[in-house]
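J.: Provided herewith is a single structure, encoded as structure tokens, for subsequent inquiry.
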Amino acid sequence: MVDANVQAAYSLDKNGLTPLLRAIKAGNYSAAAVLCKASPEAAKSGDENYQTYGHLIVKHPSEYYFARLFQDKELRDLLESKDSNGNTPLHLAIIDNRFDLVLFFLEFWKEERKSSKVKKVEWVSKLLEIHNKAGKTPNDLIAELPSLPSKGLTNGCPVENSTPVNSHNASSGTKRVVPIANR
């Protein structure tokens, strides 16, 4: 369909959804992935809450489709897209307790930094600095969590047991948050 008519990827149904958004909302992630690859620009179309393909795949139980956003350079812009609450797909992964996706993000970022001659990989680092409408960055949302599950997020690496996000200074009784971007 999309190969035959590029405009078909942008056509809206009676509910205002493109074929890609309709496929993902119906749970047909395979069809959505095919449509997304055929027309990456159509993947930037949002639903009534301004959620794009990138936002909606956070709900899929596998990290496969989320990982494609990082691996496919044509789709990376979706990671910066904001929904009606100003949340990016990374914000939603944290809010929805999808620590597998957050861990994938951190591991991807770590590998990008290792392979890059530039110390900070700008496009990945930028994702951690995006504020939602509540003024929260992904770093802020992680710092607000009381603890993380096993294989959680500490210093950008997997850990074996549940680990507090905030470090605690026993002598002063104060908590100190170490943002992910500074680790």
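J.: Would you check which residues across the stretch 23-67 are buried (at least 22 other Cβ atoms within 10 Å of the Cβ) and farther than 18 Å from SER81 by Cα and list them?
T.: If the condition is that a residue be buried (at least 22 other Cβ atoms within 10 Å of the Cβ) and farther than 18 Å from SER81 by Cα, then LEU35 is the only one that fits.
J.: State whether the residues of the stretch 98-113 include one that is within 22 Å of ALA23 (Cβ to Cβ), part of a loop (DSSP other than H, G, I, E, B), touching a residue at least 24 places away in the same chain (Cβ under 8 Å) and not aromatic (Phe, Trp, Tyr). Please lay out each step first, then the result.
T.: Step one: filter the stretch 98-113 for residues within 22 Å of ALA23 (Cβ to Cβ), giving 98, 101.
Next cut, part of a loop (DSSP other than H, G, I, E, B) only: 98.
Restricting the remaining residues to those that are touching a residue at least 24 places away in the same chain (Cβ under 8 Å) gives 98.
From what's left, not aromatic (Phe, Trp, Tyr): 98.
Scanning the stretch 98-113, I find at least one residue that is within 22 Å of ALA23 (Cβ to Cβ), part of a loop (DSSP other than H, G, I, E, B), touching a residue at least 24 places away in the same chain (Cβ under 8 Å) and not aromatic (Phe, Trp, Tyr), so the answer is yes.
J.: Limited to the stretch 57-86, what total is found for residues that are of a type in the set (Lys, Arg), closer than 23 Å to HIS131 by Cβ and part of a loop (DSSP other than H, G, I, E, B)?
T.: Total satisfying the criteria: 1.
J.: Moving on to the next point. Within the stretch 1-36, which residues are assigned to a loop (DSSP other than H, G, I, E, B), of a type in the set (A, V, I, L, M) and modelled with pLDDT under 85?
T.: Once the filter is applied, which keeps residues that are assigned to a loop (DSSP other than H, G, I, E, B), of a type in the set (A, V, I, L, M) and modelled with pLDDT under 85, the stretch 1-36 yields MET1, VAL2, ALA4, LEU12.
The values are calculated or read from the model by the stated rules, or taken from the named source; none is laboratory data. Note that the structure is a prediction, hence the values are computed from the model and not measured. Every residue, glycine among them, receives a Cβ derived from its backbone with ideal geometry; neighbour counts consider all protein chains shown.
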